[in-house]
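Enquirer: One structure follows; several queries about it will come next.
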Amino acid sequence: MGPELLTVEEMAQADERAMAAGVTTLALMEAAGESVVREIRKRWTRRPVLVLVGPGNNGGDGFVIARHLKALHWPVRVLSSTRAGLSKGDAKQNADRWDGPIEPFANASFEGADLIIDAVLGAGLTRDVSGLVAEVLQNAQKSGVPIDQSHIHI
């Protein structure tokens, strides 16, 4: 039997229970990012990766993923939907831990990427995606580059 898939509500409850037991959001992001990197390495060989990040916790997960892939010598680029430094809370701490450049969505280029990691928006999103974020996500889909969303439940 494989791992159990949780609904958005079940995952939120699991996170709440972990935090009530003393696990920090930062530790949850780190564990989630490491888990995603393990899954990426099962599915893909080393290749140039483009990590798309947003300002919230999902973006924080993306920075963890980018950092760990880079440490494993994968070529990694990060594109952010917000200006560098505008992430919030623990997501900002993970953005600050990233030691590479952060490119803006406004200049989004998928050139040279052989895998895209979508860490822009979380699974609990309840509004429509519009503007530049929607445009970049649509262009990513049209690029023909595989998009890994294995972390979407995080």
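The values are calculated or read from the model by the stated rules, or taken from the named source; none is laboratory data. Model, not experiment: these values are computed from the prediction. Cβ: placed from backbone, ideal geometry, glycine included. Neighbour counts: every protein chain shown. Note: areas computed on protein heavy atoms with side chains; ligands, DNA, RNA excluded. Shrake-Rupley method; radii C 1.70, N 1.55, O 1.52, S 1.80 Å.
Enquirer: Tally up the residues in region 97-113 that are out of contact with any Ser or Thr (no Cβ under 8 Å at 6 or more places or on another chain) and surrounded by 16 or more Cβ atoms within 10 Å (Cβ to Cβ), please. Can you show your working first?
Expert: To start, the set of residues in region 97-113 that are out of contact with any Ser or Thr (no Cβ under 8 Å at 6 or more places or on another chain) comprises 97-101, 106-109, 111-112.
From what is left, the residues that are surrounded by 16 or more Cβ atoms within 10 Å (Cβ to Cβ) are 98, 108.
Number of matching residues: 2.
Enquirer: Please go through (1) within 22 Å of residue 48 (Cβ to Cβ); (2) aliphatic (A, V, I, L, M); (3) assigned to a loop (DSSP other than H, G, I, E, B) for residue 125 and return the number of the only condition it doesn't satisfy.
Expert: Only one criterion is unmet by residue 125, namely (1).
Enquirer: Is it the case that region 82-96 has a residue that's at pLDDT below 90, on the phi > 0 side of the Ramachandran plot and open to solvent by less than 50 Å² (accessible area, probe 1.4 Å)?
Expert: yes
Enquirer: Of the conditions (1) over 24 Å from residue 137 (Cβ atoms); (2) modelled with pLDDT of 90 or more; (3) open to solvent by 70 Å² or more (accessible area, probe 1.4 Å), residue 10 fails just one. Which one is it?
Expert: (2)
Enquirer: Okay, moving on. Could you tell me whether residue 120 is open to solvent by less than 40 Å² (accessible area, probe 1.4 Å), β-branched (Val, Ile, Thr) and under 25 Å from residue 43 (Cβ atoms)?
Expert: Numbers: open to solvent by less than 40 Å² (accessible area, probe 1.4 Å): yes; β-branched (Val, Ile, Thr): yes; under 25 Å from residue 43 (Cβ atoms): yes.
Yes; evaluated as a whole, the condition is true for this residue.
Enquirer: While we're looking at this one, here's another question. For residues in region 42-62 being without any contact (Cβ under 8 Å) to a residue 60 or more places away in the chain and either of a type in the set (Val, Ile, Thr) or more than 20 Å from residue 112 (Cβ to Cβ) (or both), which is surrounded by the most Cβ atoms within 10 Å (Cβ to Cβ)?
Expert: The qualifying residue surrounded by the most Cβ atoms within 10 Å (Cβ to Cβ) is 60.
Enquirer: Here is a list of conditions, (1) at pLDDT 90 or above; (2) within 13 Å of the chain's Cα centre (by Cα); (3) assigned to a helix (DSSP H, G or I); (4) not small (Gly, Ala, Ser), and residue 51 meets all of them except one; can you say which number that is?
Expert: Of the numbered conditions (1) at pLDDT 90 or above; (2) within 13 Å of the chain's Cα centre (by Cα); (3) assigned to a helix (DSSP H, G or I); (4) not small (Gly, Ala, Ser), the odd one out for residue 51 is (3).
Enquirer: From the list 148, 114, pick out the single residue that is among the charged types (D, E, K, R), modelled with pLDDT under 90 and within 25 Å of residue 35 (Cα to Cα).
Expert: Numbers: 114 fails: modelled with pLDDT under 90.
None of the other options fit; the residue is 148.
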